[in-house]
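Heads up, the thing below is written out as C-alpha cells.
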Amino acid sequence: MSTGAEAAAPKPMPEKSGAEPSPQAQGRQVHSALELTGAEMLVEALRREGVEVLFGYPGGAVLPVYDALYQCGIRHILPRHEQGAIHAAEGYARVTGRPGVVLATSGPGATNLVTGLADAMMDSLPLVVFTGQVATAVIGTDAFQEASVLGITMPVTKHSYQVRDVAELPRVIKEAFHIATTGRPGPVLIDLPKDITSAKGVFHYDAPVCLPGYQPTIEPNRLQLRKLAAAVATARRPVILAGAGILHARAHTLLRQFAERTRIPVVHTLLGLGGFPGNHELFLGMGGMHGTFAANHALYETDLLINFGARFDDRLTGNLNHFARRAKVAHIDIDPAEIGKNVETDIPVVGDAGRALEVLLQECTGPGHYEDWVSHLLELKRDYPFWYERDDSGLKPQWVVEEICRATRGEAIVVTDVGQHQMWAAQFYSFAEPNRFVTSGGLGTMGFGLPAAIGAQLGDPSRVVAAVLGDGGFQMTVQELAVVAQYQLPIKVIVLNNSALGMVRQWQELFYQGRYSHSLLSFQPDYVKLAQAYAIPGYRVEDEESCAAILREALAQPGPVLIECRVTSEENVYPMVAPGSGLHEMIGVKP
Amino acid sequence: MNARILNVVVNNRTGVLNRITGLFLKRGFNIQSLTVSPSEIDGQSRMTIVLATGDERIVEQVIKQLSKQIDVLKVQDITDQPIVARELVLIRVHSPIPTRAELTSLIEPFRASVIDVGRDSVTIEATGKPEKIDALLALLRPYGIKELARTGLTSMTRDSETVQEIARFAKSNALWV
C-alpha cells in the first residue's frame, strides 16, 4: 500500500453517471491509482464488468461490502434465502448469457449457496459468487459464522479464491469474471475475509488477465472437421445431437444453416431446447429418458452421430451398451474432458461449437445419401408424437402446458422446477428461439424454478416469464414470492398441483409395486390464499375451460399472478426409457 | 500392477493440493502415491502422482480433469519416457548389537546407510526406485521392522543433457547407481 497515493488521491469513489464506456475508460486512467477499501474495489469492479444486478443477502461478515453498496447505483435484489439468490442468478445467466453475480455472508450464508453452485457447475452457467469470511486473524478458530467455504465448494466450482491481501482483490475479481464466462462457463467463488474488505489498497483494473494454466481452445482443428465432413458425405444414417453448447456459443443460426444444408435431422438434449426451432421440419424432438420415439430411434440406429456441445448425460444416453452402437461418433465440445468421458469418440473436436459450424459450412456443400433415412425418421416423428389421454378424469397437466404454449404463442420464457411437470414442459412447449427454457438439468434441483424465474424476468424484462412449477418444488423455495411481489415482477406462476412428488410417485408405481413411500403430499396449503398473503392475485382452476380463461386473463395483467392448476394425480410421463434400458426399449410410446 | 506416473506442475497456492485430491475423490480415481514439493521455478510446485490403474480411458480422464484445473500448468504422463524416478525410505529395524555388522553388510549393496542407532534398533535410510526399496524391505523383514516411512515416488524426465551429465557423474562417482 502506498501512503503517497493516499495523500494524492481525491475522493475515494469515482462518480458513475452514464453507461457510455469510452469516457469512463478515460476516467479510469485517473481513478485507477485510487486508494479504495476492498469493499469499494468490489463495487467498482462490478461497475467495470457492467454488472446490472446483484443477487445478495447481507450478514455480519459482508457489512463493509453492504456499506459500499449503499446508494451505489447497482441494482440489488434481496431474496428471502441465499439459495433463492443463486438460483435467480442462474436464471439471469441462462437468459442473458451474462454472468449472474451473487453476494452472501460467511458461514450459513455461504453454505446456503452450495446447491446453486453445484447446479450451475453441472449446467455450465457463468456465475461470480462473493462470500464473506471471518477476518483473516481468526480464520481456523471456529469463529462465529465461520465455515471453510473454499473447502466445501471446491468440487462444485470451476475455480475459487480466498483473498488474503487487498492488493490482490482487483486482479482476482477480473480473473473470476474471465474464468466464469470463457471456455466452458461455470461458477467462480471469491471468499472475502472481513478485514480484507475494510482494508485500503490501490485499485488497478486495467492489466490484462494472465492465466497460463487456463487457455481454453476456441478454434477447432480443421483437419478433424474435414474428417467429419467426409463422414457426412458417406453416412447413411446421420443425426445431429445438439446440447446447451449451441446456446453458450450462440450458434443456433449456424446450426440451423448446417442442418438445412446437409438435411441431417436434429435431436436436442433437455438443456439444448431452443437451439434449433421446435417447429422445424428437421427437428426430431428431445432425446433421452422422456424423449420422442423418433429422436431415440435415431440415436440408436444412427451410423454417424454428430454431437455439438452435449455431454452424453446418462438421462440422454440410457444404457451405454446400447447407445449409438453402430455409429461413428463425432463430438464437438469446448471442454476436452467431456470428449470420451462416457462415449467412445471417433472424431474428437475441441473448440467452440459456433466456430466448428462455420468451418463445417465451408466443408459441407450439400446433403449426402440418406434421404430414405430422413424420411423414415420424419414418419416416426409424425406417427409417434408425445401423447396423453384426454378424458373426463380431470385437468391434464400436459394439456395445461400445451395451453400455456398456445396462450403465449410459444414466445414466453418457460422456467421449470424439477420432476414430471419439467418433462411435460419440455415435451409440450415448443421453443422456437434459444434461451427461453430455464431448467435444472444436470443436478435436478427441486426449488430451482421460482427463484430462477425471478432472475430470468430481471434478465429479460420485456418477455413473458411463465414459471411452470410442481407443488413439491414450489414449496421448497416458496418464500421467494416475496421478491416477486416486492419488485412487482410480472411472473406468471403456474403450479401444477397433483398433491404428490409426481416423478417419485411414478417410479414407485412402475418399479416399486406401487408402494408410495412418502411421496404423496397429503397436506397442501391453500395456494390462492398463500399468493394473496404476498399480495399476488391467486386463482385455482380445475377444468380446461376455466384454466384457458384464467391463463389469458393472467397474461393480460401487468403484474405477477399465481394459478394453481389442480391436475390429475395419477398421470405418468411417457414415453419412457426405464433405468438400465437402452434407448430402443421405450415404454409408453403412443399406441 | 500397471501403474502410471504423472508429472504435474502446479501454481504453489493455498488449497492447490486440496483441489487435486478433491478431484480424485470426486471422480473416483485411485492414487497410489503423491508427492509434492517446490520446483525450480519460484511459485510453482511439482507433483508426482502414481495412479493405481493402467486403464487408458481412466488415465486419459485423469489427465484431462487435472489439466482443467486453473492452477495446474502442465500434466505429463511420463511412464513410458526416459525418466529418473526415486523414493526415499526410512526403516527402523530391530537390531541387537551382535547383529549389527551383519545388517550393515546386508544393506551395503543398496547404498543404504545407518543414520540413527539405538539400544535395540538402527534406522536405515535408502533411496532408489520402488523395486529396489521393495527388495531391501524384503531382506530386512526377517530382522523385524519396527517402523517404516516411504516418501512415495518423485520423478522428472531426462533430457539429453541430463543423460550426458549422468554418464559423466557416474564415471567420477562410483556410488551413483
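The values are calculated or read from the model by the stated rules, or taken from the named source; none is laboratory data. Being a predicted model, the structure only gives us computed values, none of them experimental. All Cβ positions, even for glycine, are placed from backbone atoms using ideal geometry, and neighbour counts span all protein chains on display.
Quick grid of which residues meet (1) outside any strand (DSSP E or B); (2) under 30 Å from B:D55 (Cα atoms); (3) over 18 Å from the mean Cα position of the chain (by Cα):
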position	(1), (2), (3)
B:I91	no, no, no
B:T127	no, yes, no
B:A135	yes, yes, no
B:G152	yes, yes, no
Wholly inside region A:158-273, helices (runs of 4 or more DSSP H) that include 2 or more residues that are over 30 Å from A:G107 (Cβ atoms), modelled with pLDDT of 95 or more and not hydrophobic (A, V, I, L, M, F, W, C) are A:222-234, A:245-248, A:252-262
Here the residues within region A:315-371 that are within 20 Å of A:D303 (Cα to Cα), assigned to a helix (DSSP H, G or I) and within 14 Å of chain B (Cβ to nearest Cβ) are A:L320
Yes or no: region A:276-284 includes at least one residue that is hydrophobic (A, V, I, L, M, F, W, C), touching a residue at least 24 places away in the same chain (Cβ under 8 Å) and either out of contact with any strand residue (DSSP E or B) (no Cβ under 8 Å at 6 or more places or on another chain) or part of a loop (DSSP other than H, G, I, E, B) (or both).
yes
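In this structure, is B:L17 within 14 Å of chain A (Cβ to nearest Cβ), at pLDDT 90 or above and surrounded by fewer than 18 Cβ atoms within 10 Å (Cβ to Cβ)?
Working: within 14 Å of chain A (Cβ to nearest Cβ): yes; at pLDDT 90 or above: yes; surrounded by fewer than 18 Cβ atoms within 10 Å (Cβ to Cβ): yes.
Taking the combined requirement at face value, the residue satisfies it.
Has region A:144-151 got any residue that is within 14 Å of another protein chain (Cβ to nearest Cβ) and crowded, with 22+ Cβ neighbours inside 10 Å? Walk me through it before giving the result.
Kept after step one, since they are within 14 Å of another protein chain (Cβ to nearest Cβ), are these residues of region A:144-151: A:148-151.
Okay, now just the ones that are also crowded, with 22+ Cβ neighbours inside 10 Å, so A:149.
There is at least one residue in region A:144-151 that is within 14 Å of another protein chain (Cβ to nearest Cβ) and crowded, with 22+ Cβ neighbours inside 10 Å.
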Got at least one residue in region A:294-305 being surrounded by fewer than 24 Cβ atoms within 10 Å (Cβ to Cβ), touching a helix residue (DSSP H, G or I) at 6+ places or on another chain (Cβ under 8 Å) and in a strand (DSSP E or B)?
no
For region B:43-76, name all the residues that are farther than 18 Å from A:Q215 by Cβ, surrounded by 16 or more Cβ atoms within 10 Å (Cβ to Cβ) and within 12 Å of chain A (Cβ to nearest Cβ).
B:I58, B:V59, B:E60, B:Q61, B:V62
Odd one out for B:G28, checked against (1) more than 17 Å from B:Q76 (Cβ to Cβ); (2) more than 14 Å from every other protein chain (Cβ to nearest Cβ):
(2)
Failed criterion for A:K174 (all others in (1) within 12 Å of another protein chain (Cβ to nearest Cβ); (2) among the charged types (D, E, K, R); (3) within 19 Å of A:G38 (Cα to Cα) hold)
(1)
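Do we have A:A535 as assigned to a helix (DSSP H, G or I) and surrounded by 14 or more Cβ atoms within 10 Å (Cβ to Cβ) here? Steps first, answer last, please.
On the way: assigned to a helix (DSSP H, G or I): no; surrounded by 14 or more Cβ atoms within 10 Å (Cβ to Cβ): yes.
No, not satisfied.
Residue check: is B:T79 polar (S, T, N, Q), more than 13 Å from chain A (Cβ to nearest Cβ), surrounded by 17 or more Cβ atoms within 10 Å (Cβ to Cβ) and assigned to a strand (DSSP E or B)?
Details: polar (S, T, N, Q): yes; more than 13 Å from chain A (Cβ to nearest Cβ): yes; surrounded by 17 or more Cβ atoms within 10 Å (Cβ to Cβ): yes; assigned to a strand (DSSP E or B): no.
So B:T79 does not fit the description; no.
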For region A:83-105, give me each residue that is farther than 15 Å from A:V128 by Cβ and without any contact (Cβ under 8 Å) to a residue 60 or more places away in the chain.
A:T105
For A:D67, only one of the following conditions fails: (1) buried (at least 20 other Cβ atoms within 10 Å of the Cβ); (2) closer than 19 Å to A:G109 by Cβ. What is its number?
(1)
Answer yes or no: is there a residue in region B:112-132 that is outside the structural domain of B:I20 (by TED's automatic domain parsing), crowded, with 20+ Cβ neighbours inside 10 Å, among the β-branched types (V, I, T) and touching a strand residue (DSSP E or B) at 6+ places or on another chain (Cβ under 8 Å).
yes
